[in-house]
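Worksheet: one structure, shown below.
The values are calculated or read from the model by the stated rules, or taken from the named source; none is laboratory data. Bear in mind that the values here come from a model prediction, so they are computed numbers and not experimental data. All Cβ positions, glycine included, derive from the backbone under ideal geometry; neighbour counts span all protein chains shown. Side chains included, ligands, DNA and RNA excluded: accessible areas come from the protein's heavy atoms. Shrake-Rupley method; radii C 1.70, N 1.55, O 1.52, S 1.80 Å.
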Amino acid sequence: MKVLEPHAMGRPLARLDGVVKVEGTAPYAFEQRVEHPAYVFPVQSAIARGRILSVDTRAAEAVEGVLAVLTHETAATLVSDQNKELWVLQSAEVRFRGQLIAAVIAETLETARYAADLLRIEYEQAAHDAAFGAGRGDLYAPDFVNPRYPTDTDTGDAEAAFSGAPVKVDATYSTPMEHNNPMEPHATIAIWQDGGLTLYDSTQCAHGVRRTMADLFGIDPERVRVLSPYVGGGFGSKGVAHAHNVVAALAARQMAGRPVKLALTRQQMFSLAGHRTPTIQRFRLGAGRDGRLRSVIHEVIEQTSRFKEFAEQTATPTRLMYASPNRRTRHRLAALDVPVPSWMRAPGETPGMFAGESAMDELALACGLDPIELRARNEPELDPQSGKPWSARHLTECLREGARRFGWEGRDPRPRQRREGEWLIGTGVASSTYPRYSIPGSRALIRYDSEGRYEVEIAAADLGTGAWTVLTQIAADALECPVEAVRLRIGDTELPYASVAGGSSGTTSWGSAIVAAAQAFRERHGNTPSPGAQAAADMPRMPEEERFSMHSFGAQFAEVLVHLDTGEVRVQRMLGVFSVGRVINPRLARSQFIGGMTMGLSMALHEASVLDPRFGHVVNPDFAGYHIATHADVPNIEAHWLEEVDGHSNPMGSRGIGEIGIVGTAAAIANAVYHASGVRVRDLPITLDKLLAAGG
Ligand code: MOS
């Protein structure tokens, strides 16, 4: 593949959208100016399973300022019931507690919210089951795990090889239900006019939301416009449409021309915006005394909803991380009366690598080997699962470079050896990995304007990742012009199709389309185009995807303090070294890496959604109960990367950076906690009670 000559790429350009964001003039979905909006407040079910017998709307409708109450009896009929999560206000059936079952539309948000409380809803309650656990008899194997990987894999005889191995680790790790909590809650403004629908939506995929809405309402996608120029985070929860989008559209239809605004509250997001499944993972490693793996077995239990399957790909990183002649992976699901799990930053890799990289740490101790040396000894020449060559695999370089920068050398591997005052000190390391994905279909259009600038159009989304800036840099290099000569337009379905900002695939997919469009433009118009000249192109096919196994890798280090008396854990410093192909913008890449590592720290020490199986809802649905790392929790974090260009991945030489930063963090911290305290916490988050209970 021909790789672009970097001029703009590689420069630490400040965010092009930074100024408007700091000024507060960048319109997020809810802030878009529309004429005379009405407000929608959603009503959620108070039971986890059953039927709605009646909704008495009289008291709500009597409130001054209430415009309408939507229920399953009054809302318009949707056309497609393909996706049961989006089949809202269509039937009396309740499938999980917190389901969206009615909505009040009013002149003000306060009125809508007040009136929502006045609905009298009678239910016929059915027995529900929301108890996740390993002991269930009804666990099942899905047909595949996301996005479409085999559910189980077997190479050699992993059980026999494990039994016969001289050194063994057999441990069970667990991670809790977690919720995406972007700063900007999910929000939509919907306008239904002349048989068409416009949504100002906080989404990672404008064209995806358009398609979903068109299917649900049975209208031509051309009649649906979705705008999302600025998105205040998402981490995957905004990768697909959710029920509130549908209710906003239904409300807009009811209001016939008048715009409606709907923003989920933080509490509502804990049932309506997806979640990361809890996992229980048994990990077995069998090795020779030299640390060389003979068997790797990773068996995962996770949850899905009874009405729609979501099968997280938790064991997939285990299939390629290390060389072992015998390997087995398994995924089993418990189908429960809970909301549908969904995408959350590095889905699969994040919980799966917590287990795998903790187990590797345990194996290093069992073999008396340095954990970096253990990993280096198990480097696979080829992708162990596919047998394909790597486009680039530099895990060992990341580990060695990280060790050098972190000051790993001379570390005493024995736990509980360093102490300062009342604090025990320890260090830990873990590997990271994330696949390099591309998603076909993206298209870019380039137009030369009368002021001598190139307008570059693609409906991409920037959810704080830096797409505004990075796509401009790519376009400048593809057109061989200065960045100032590029005017980018994104976040609008009037612009050419763009795939989701997800799977760390955005820059690869959209950037490749932009490069192709630039080539088409130059071929057609040369270097001295006339105003109005334009050309468009699709993301090209990428045959090298078939020939190479493309993944990013990283090494993550952590130093922690554990308090002798209380078990309190403080992370002192973290350091990551990543191999991600070319870094297109070092300033923004650093921000992605340290953002991911911060989220990983938060996962390691704080985040857990507590679902009460008696009622089926999350009992801590706010920032008082669901703790997310704050500034005071976050230490000095360093992110570095290898100088690298992956010519097999895409014309930029990059592989994607949005997710890998979170992947190894929790294991690095757990391993450091063990090193400090001698207590192995295998159940996230690492709260102080677990250290005390284990005799910390
Ligand atoms: Mo990311 S969870 O693929 O948006």
If you go through T493, T508, the only one that is open to solvent by less than 20 Å² (accessible area, probe 1.4 Å), within 16 Å of the ligand (Cβ to nearest atom) and in contact (Cβ under 8 Å) with a residue 60 or more places away in the chain is T508
Has region 467-490 got any residue that is at positive phi and within 16 Å of the ligand (Cβ to nearest atom)? no
L53 fails exactly one of (1) closer than 30 Å to E546 by Cα; (2) touching a strand residue (DSSP E or B) at 6+ places or on another chain (Cβ under 7 Å), namely (1)
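Tell me the residue from R345, R289 that is open to solvent by 10 Å² or more (accessible area, probe 1.4 Å), within 16 Å of the ligand (Cβ to nearest atom) and in contact (Cβ under 8 Å) with a residue 60 or more places away in the chain, please. Please lay out each step first, then the result.
Details: R289 fails: within 16 Å of the ligand (Cβ to nearest atom).
One residue alone meets the criteria, R345.
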Counted residues in region 633-667 being over 20 Å from the mean Cα position of the chain (by Cα) and not in a loop (DSSP other than H, G, I, E, B) come to 6
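Looking at G625, G678, G653, which is the one that is of a type in the set (G, A, S) and open to solvent by less than 20 Å² (accessible area, probe 1.4 Å)?
Details: G625 fails: open to solvent by less than 20 Å² (accessible area, probe 1.4 Å); G678 fails: open to solvent by less than 20 Å² (accessible area, probe 1.4 Å).
One residue alone meets the criteria, G653.
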Region 376-470: strands (runs of 3 or more DSSP E) wholly inside it with 3 or more residues that are surrounded by fewer than 18 Cβ atoms within 10 Å (Cβ to Cβ) are 418-420
Scanning region 272-281 for residues that are part of a loop (DSSP other than H, G, I, E, B) and touching a strand residue (DSSP E or B) at 6+ places or on another chain (Cβ under 6 Å), the one farthest from L197 (Cα to Cα) turns out to be P278
Cβ pairs under 6 Å, 6+ apart or interchain, first in region 78-95 and of a type in the set (F, W, Y), second outside any helix (DSSP H, G or I), ordered by first then second residue, are W87/D81
Over region 89-123, the set of residues under 21 Å from H617 (Cβ atoms), surrounded by 22 or more Cβ atoms within 10 Å (Cβ to Cβ) and touching a Gly at 6+ places or on another chain (Cβ under 6 Å) is V94, R97
Across (1) assigned to a loop (DSSP other than H, G, I, E, B); (2) within 19 Å of A263 (Cβ to Cβ), T74 clears everything bar (2)
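Which one of these is among the basic types (K, R) and closer than 15 Å to P317 by Cα: R400, R393?
Details: R400 fails: closer than 15 Å to P317 by Cα.
Answer to the selection: R393.
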Within region 96-105, the residues that are part of a strand (DSSP E or B) and either without any contact (Cβ under 8 Å) to a residue 24 or more places away in the chain or more than 18 Å from A76 (Cα to Cα) (or both) are none
By residue number, the members of region 212-229 that are under 25 Å from R276 (Cβ atoms) and out of contact with any Gly (no Cβ under 6 Å at 6 or more places or on another chain) are T212
Screening L53, L67, L86 for residues that are loosely packed, with under 13 Cβ neighbours inside 10 Å and more than 30 Å from R487 (Cα to Cα) leaves only L53
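Identify the residue in region 531-587 that is part of a loop (DSSP other than H, G, I, E, B) and of a type in the set (K, R) and, among all such residues, is modelled with the highest pLDDT. Walk me through it before giving the result.
Let us first name the residues in region 531-587 that are part of a loop (DSSP other than H, G, I, E, B), namely 531-533, 539-543, 548, 550, 564-568, 580, 582-585.
Right, trim to of a type in the set (K, R) and you get 541, 582.
Numbers: R541: 95, R582: 98.
Here the residue is R582.
Within 24 Å of the chain's Cα centre (by Cα) and of a type in the set (A, V, I, L, M, F, W, C), is that true of M269? Reasoning before the result, please.
Working: within 24 Å of the chain's Cα centre (by Cα): yes; of a type in the set (A, V, I, L, M, F, W, C): yes.
Here the answer is yes, as M269 does meet what is asked.
Any chance you could count how many residues in region 68-102 are small (G, A, S) and in contact with a His (Cβ under 9 Å, 6 or more places away or on another chain)? Quick ask: steps written out before the conclusion?
As a first pass, look at region 68-102 and keep what is small (G, A, S): 68, 75-76, 80, 91-92, 98, 102.
Cutting the leftovers down to in contact with a His (Cβ under 9 Å, 6 or more places away or on another chain) gives us 91-92, 98, 102.
Qualifying residue count for the region: 4.
Quick check on region 310-326. Is at least one of its residues within 16 Å of the ligand (Cβ to nearest atom) and in contact with a Lys or Arg (Cβ under 7 Å, 6 or more places away or on another chain)? Give the derivation first.
Going residue by residue through region 310-326, those that are within 16 Å of the ligand (Cβ to nearest atom) are 310-314, 316-317.
The next check asks that each one be in contact with a Lys or Arg (Cβ under 7 Å, 6 or more places away or on another chain); those that pass are none.
The answer is no, given that none of the residues of region 310-326 is within 16 Å of the ligand (Cβ to nearest atom) and in contact with a Lys or Arg (Cβ under 7 Å, 6 or more places away or on another chain).
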Residues of region 250-271 being open to solvent by 30 Å² or more (accessible area, probe 1.4 Å), closer than 10 Å to H186 by Cα and assigned to a helix (DSSP H, G or I), in sequence order, are R266
Inset, instruction - Return a yes/no flag: does region 661-673 have any residue that is over 30 Å from R414 (Cβ atoms) and either without any contact (Cβ under 8 Å) to a residue 12 or more places away in the chain or not small (G, A, S) (or both). - result: no
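Name the single residue, out of those in region 152-182 being polar (S, T, N, Q) and open to solvent by less than 10 Å² (accessible area, probe 1.4 Å), that is farthest from the ligand (Cβ to nearest atom). Spell out the reasoning first.
Of the residues in region 152-182, the ones polar (S, T, N, Q) are 153, 155, 163, 172, 174-175, 180-181.
Retained after the next criterion (residues that are open to solvent by less than 10 Å² (accessible area, probe 1.4 Å)): 175, 180.
Values: T175: 15, N180: 8 Å.
Only one residue fits best here, namely T175.
Taking the condition hydroxyl-bearing (S, T, Y), buried (at least 24 other Cβ atoms within 10 Å of the Cβ) and within 21 Å of H179 (Cα to Cα), does S237 pass? So that I can check it myself, show each step before the final result.
Values: hydroxyl-bearing (S, T, Y): yes; buried (at least 24 other Cβ atoms within 10 Å of the Cβ): yes; within 21 Å of H179 (Cα to Cα): yes.
For S237, the condition - hydroxyl-bearing (S, T, Y), buried (at least 24 other Cβ atoms within 10 Å of the Cβ) and within 21 Å of H179 (Cα to Cα) - is met.
I'd like the residue in region 481-507 that is polar (S, T, N, Q) and touching a strand residue (DSSP E or B) at 6+ places or on another chain (Cβ under 7 Å) and, out of all such residues, is nearest to E451 (Cα to Cα).
Here is the first cut: in region 481-507, the ones polar (S, T, N, Q) are 493, 499, 504-505, 507.
Subsequent filtering for residues that are touching a strand residue (DSSP E or B) at 6+ places or on another chain (Cβ under 7 Å) retains 493, 504, 507.
On the way: T493: 25, S504: 34, T507: 27 Å.
Among those residues, the one meeting the criterion is T493.
For residues that are outside any loop (DSSP other than H, G, I, E, B) and either under 30 Å from A315 (Cβ atoms) or within 16 Å of the ligand (Cβ to nearest atom) (or both), tally how many sit in region 183-201.
Summing the residues that are outside any loop (DSSP other than H, G, I, E, B) and either under 30 Å from A315 (Cβ atoms) or within 16 Å of the ligand (Cβ to nearest atom) (or both) in region 183-201 gives 1.
Suppose we filter D361, D337, D383 for residues that are closer than 27 Å to N650 by Cβ and at pLDDT 95 or above; which single one remains?
D383
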